[in-house]
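Down below is the structure, laid out as structure tokens.
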Amino acid sequence: MNQVLEVIKRRKSIRKYSSRAVEKEKIIKMAEAARLSPSASNKQPWRFVAVTDPDLVKQATASALGSINAWARSAPCLMVGCSVRKDVITHWIAEAASGVKFHILDLGIAMEHMVLQAEALGLSTCWVGWFSERKLKKILNIPAGWRVVSLLTLGYKHEKLAPKTKKKLPLEKILTFR
Ligand SMILES: Cc1cc2nc3c(=O)[nH]c(=O)nc-3n(C[C@H](O)[C@H](O)[C@H](O)COP(=O)(O)O)c2cc1C
């Protein structure tokens, strides 16, 4: 059985959670999955803030995520993905020359590793890209030199939720061989 593909197929964005707290050991396993990710020149420009304190989750979701992501208020945990862009060659010269933001790409890879590890542990997630970075940094006391790239809501799916399966493009549309 292709276990990785099974987990990938099972994953869906979940926007309604039960109140059950997320175990610290599972959060640490997710961080381990991120830690082992590939990154441009192995610069590992990621830092993660796991928000489990209910007051902070409430403040962050109510104030920094705004009404468009109001659903996030049911999540018992947030995983905030930040970048530290320190390496002059990889993060400035190579990014300027190629036009590709390697440090953002690296964060995306690491955070999706987390998503898949969470799914494999019976947890559910949803990426959140729409938020106020300024408010989030203030609420969570995130260092000034870090950028918040994206965050994940994290928790156990609400038992009454029947998640929708999103339509995906067919293989022949996205893959060509040469
Ligand atoms: C970078 C990124 C940002 C996203 N931002 C949001 C968001 O702010 N709010 C939201 O409800 N979903 C957000 N999503 C989730 C997408 O809407 C979702 O992945 C897409 O509709 C496909 O559904 P699926 O994840 O169930 O396959 C985001 C996804 C990604 C990858």
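Starting from the Cα gyration tensor of the range 17-94, take the square roots of the eigenvalues, sort them a ≥ b ≥ c, and report rounded, prolate or oblate (rounded when a/c is under 1.5, otherwise prolate if a/b is larger than b/c, else oblate). Mind showing how you got there, number by number?
Working: a/c = 3.34, a/b = 1.74, b/c = 1.92.
It comes out oblate by the Cα gyration axes.
What number does the chain give for Rg over Rh if you use C-alpha atoms and the Kirkwood radius?
Ratio value, two decimals: 0.98.
Separation between the Asp53 and Leu105 pseudo-spin-labels, each 7 Å from Cα along Cα→Cβ, expressed in nm?
3.7 nm
Quick one: go through the range 1-30 and flag any residue whose amide nitrogen is under 20 Å from the point 7 Å out along the Cα-to-Cβ line of Ile68.
Under cut-off, by backbone N: 13-16.
Non-local amide H neighbours of Val149 (under 5 Å, H modeled in plane, Pro and chain starts lacking H): which ones?
Gly81, Cys82, Ser83
Sorted by average packing, counted as other Cβ atoms within 10 angstrom per residue and highest first, what order do 38-44, 121-127, 5-11, 168-174 take?
Ranked by mean Cβ neighbours within 10 Å, highest first: 121-127, 38-44, 5-11, 168-174.
Where a ≥ b ≥ c are the square roots of the eigenvalues of the C-alpha gyration tensor, would you call the range 104-178 rounded, which needs a/c under 1.5, or, failing that, prolate if a/b is larger than b/c, or oblate?
oblate
So which DSSP H runs in the chain come out at 18 Å plus along the axis (Cα) with average Kyte-Doolittle of at least 0.0?
Span-like helices here: 102-120.
Full-extension gain between Leu161 and Lys12, please, as 0.36 nm times their residue separation minus the C-alpha to C-alpha distance.
On the way: separation 149, 0.36 × 149 = 53.64 nm, distance 1.18 nm.
Taking 0.36 nm per residue and subtracting the Cα distance, the gain is 52.5 nm.
Ranked from highest to lowest mean number of other Cβ atoms within 10 Å per residue, what is the order of the peptides 132-138, 71-77, 159-165?
On the way: 132-138: 15.6, 71-77: 20.4, 159-165: 9.4.
Final packing ranking: 71-77, 132-138, 159-165.
Taking amide H atoms as placed 1.01 Å from N in the peptide plane, list the residues 5 or more away in sequence, or in a different chain, whose amide H sits under 5 Å from that of Lys157.
Ser18, Ser124
Just so you know, all these numbers are worked out from the coordinates, no wet-lab data involved. Because the structure is predicted, anything quoted here is derived from the model rather than measured. Neighbour counts are summed over all protein chains in view; Cβ atoms, including those assigned to glycine, are modelled from backbone coordinates with ideal geometry.
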